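Bear in mind these aren't lab numbers, they're just calculated from the coordinates by the rules spelled out. Note that the structure is a prediction, hence the values are computed from the model and not measured. Positions of Cβ are generated from backbone atoms using ideal geometry, with glycine treated the same way; all protein chains shown enter the neighbour counts.
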Amino acid sequence: ARAGTLAAVDLGATSGRVILGRFGGREGLRLHHVARVPNDPVRTPDGLHWNLLELYRQVLAGLAAAERDAPGEIEGVGIDSWAVDYGLLAGGRLLGVPYHYRDERRAAGVERVHARVDAVALYQRNGLQHLPFNTLFQLATEGPLLGLADRMLLVPDLLAHWLTGAEVAERTNASTTGLLDARTGEWDVELAGLLGLPAGILPGLVDPGTTLGPLTGDAAALVGRPLEVGAVGSHDTASAVVAVPATDRDVAYVSCGTWGLVGLELDAPVLADEARRAGFTNEGGVDGRTRFLHNVMGLWLLSESIRTWERDATAAQRSSTLAQLLAEAAHVTTPVAVFDVDDPRFLAPGDMPARIAAWCAEHDQPVPATRGELVRSIVESLAQAFADAVATAAGLAGRRVSTIHVVGGGAQNTLLCQATADRSGLPVVAGPVEATAIGNLLVQARARGLVDGGLEDLRGIVAAAFTPVRYEPRHG
Ligand code: LRH
């Protein structure tokens with residue numbers, strides 16, 4: 001191990017960040033937050049889009065700020081983001097404004113794909129949980145643009161392309177497209193052909209740890225130095241799983257942010273039809289591991305409820321912070337509804353409190369009467385979904401689970417962590433909050449020889465540098 005500084009660009013669906021990681025010294029790794037990157041999607045008449053140019057601008061500004069904070073020190077940059085979304089290019093030019101996976105119209109692709117390959121056969125090939133926004137379904141809605149395109153780049157790969165000129169598909173994120181063979185980790189060219197995708201649209205795959213190249217041209221000038229970009233687990237969840245501070249194997253994880261990604265790390269995919277029916281996915285992890293997990297709706301339910309209340313509030317009312325709402329929720333003593341957080345009605349942006357109330361009324365469950373009750377109902381329902389997914393994952397994979405690790409923003413939510421412990425009957429170990437950025441940094445650090453070893457060694461570094469909080473299950 002040697003000392004050195006790396007930068008992580010971690011873009012979540014609700015906000016992003018640029019973080020410096022300093023390796024070496026007594027703690028092993030220290031984080032320095034450089035910039036927050038707001039990520040506000042924009043709805044135009046043709047649908048819901050990512051503001052990708054603004055994100056790119058913010059990434060450049062964040063890297064420039066990082067370079068000012070640590071002049072001449074940064075050895076490399078890694079980029080990760082939410083999965084599945086992409087841009088189409090022709091002759092190096094972006095075709096159209098990339099869509100947000102929560103755009104309702106993208107689901108129209110599901111029927112088109114299933115007409116050619118049914119859900120059972122698809123699972124045998126790609127091993128993915130059916131989510132209506134998986135890349136292959138979205139591509140089926142592109143219409144004429146697909147005929148013009150000669151490249152598809154997933155969001156982190158597209159940003160890396162703009163920064164460096166490299167045109168690659170990083171493998172962990174590529175595994176969320178539905179076009180990767182779950183057994184081999186290579187593009188399923190036959191499936192791409194069956195779905196009528198233009199030949200050559202899928203770029204060459206690279207593994208996390210691959211060097212992509214230095215910032216070029218204007219990007220280098222704006223940042224101030226031609227920092228070198230390297231591939232990491234560019235699917236944010238893949239990076240988060242790298243930073244789960246577990247040294248034993250009998251653990252489950254919940255990577256909890258906008259989504260709650262709940263499952264196990266395995267050596268090989270589970271493609272049994274039971275796993276498909278249970279909504280389990282086999283995504284590609286760093287070092288060829290399998291992320292066998294279920295997508296739970298996540299803190300989106302909370303952030304979207306808050307967005308609804310803020311939209312409807314007068315200026316004087318617009319003061320309820322997340323912390324206040326959680327404090328109110330903690331004081332609720334009446335029983336609250338435990339609703340099905342995975343109901344598809346909660347996927348698209350909109351009035352979440354009204355949708356939750358409607359679900360409760362339809363299912364003869366208590367309709368939340370106050371904001372505190374609604375927040376409590378969300379927290380308890382998420383915790384129940386996490387506990388159920390852990391038990392199902394263990395059953396399907398034939399593994400014993402003795403601890404649940406919660407990483408990501410949700411690790412700060414004490415009410416949620418305690419409820420997850422209570423409802424699963426297992427201890428919850430919470431933290432680090434910045435697992436995704438840490439996983440991003442660790443994979444770069446290993447590629448550059450700052451640290452070495454397998455994932456277990458990297459996790460040992462996390463466990464030593466970031467003290468987690470433990471929640472014991474309470475009975476009764
Ligand atoms: C979490 C995440 C998740 C995907 C979803 C689209 O940010 O990457 O793993 O399923 O976004």
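Using a 10 Å cut-off on Cβ atoms, rank the peptides 243-253, 174-184, 372-382 from the highest mean neighbour count down.
On the way: 243-253: 20.5, 174-184: 22.9, 372-382: 25.0.
Put in order of decreasing packing, that is 372-382, 174-184, 243-253.
Please state the Cα pair-distance histogram of the chain with 20 angstrom bins from zero: what percent is in each bin?
25, 59, 16, 0
If you take the Cα Rg of the range 148-302 and divide it by 2.2 N^0.38 Å, with N the number of residues, what do you get?
That works out to 1.14 for the range 148-302.
Taking every pair of alpha-carbon atoms in the range 30-70, what share in percent sits in each 5 Å bin, from 0 to the bin with the longest distance?
The calculated distribution, bin by bin, is 6, 21, 22, 18, 12, 10, 6, 4, 1.
At a 10 angstrom cut-off on C-beta neighbours, averaged per residue, how do the peptides 95-104, 275-284 rank from highest to lowest?
Top to bottom by mean Cβ count within 10 Å: 275-284, 95-104.
Taking Cα atoms of the range 338-384, Rg/Rh with Kirkwood Rh, to two decimals?
With Rh from the inverse mean 1/r over Cα pairs, Rg/Rh is 0.91.
Place the peptides 43-51, 132-140 in order of packing, highest mean first, counting for every residue the other Cβ atoms within 10 Å and averaging per peptide.
132-140, 43-51
Only bridges with both residues in the chain count here: give the DSSP antiparallel percent, nearest 5. Present the calculation step by step, with values, prior to reporting the outcome.
Working: 51 of 70 bridges.
Counting only bridges with both partners in the chain, antiparallel ones make up about 75 percent.
If you project the alpha carbons of the range 295-369 onto their three principal axes, what span does each projection cover, largest first, in Å?
Between the extreme Cα coordinates on each principal axis of the range 295-369 lie 35, 30, 22 Å.
When N is the residue count of the range 277-334, what does its C-alpha Rg come to as a fraction of 2.2 N^0.38 Å?
Ratio of Rg to 2.2 N^0.38 Å for the range 277-334: 1.76.
Would you calculate a helix-derived [θ] at 222 nm for the chain, using -39,500 (n - 2.57) for each DSSP H run of n ≥ 4 and dividing by the full residue count, to the nearest 500? Could the numbers behind the result be given before it?
Values: 18 runs with 178 residues, N = 476.
Value at 222 nm, helices only: -11000 deg cm²/dmol.
Could you work out how much longer the chain between Asp248 and Tyr56 gets when fully extended? Use 0.36 nm per residue separation minus the Cα distance between them, nm to one decimal.
65.3 nm
Counting pairs of Cα atoms in the range 98-177, how many percent are more than 21 Å apart?
34
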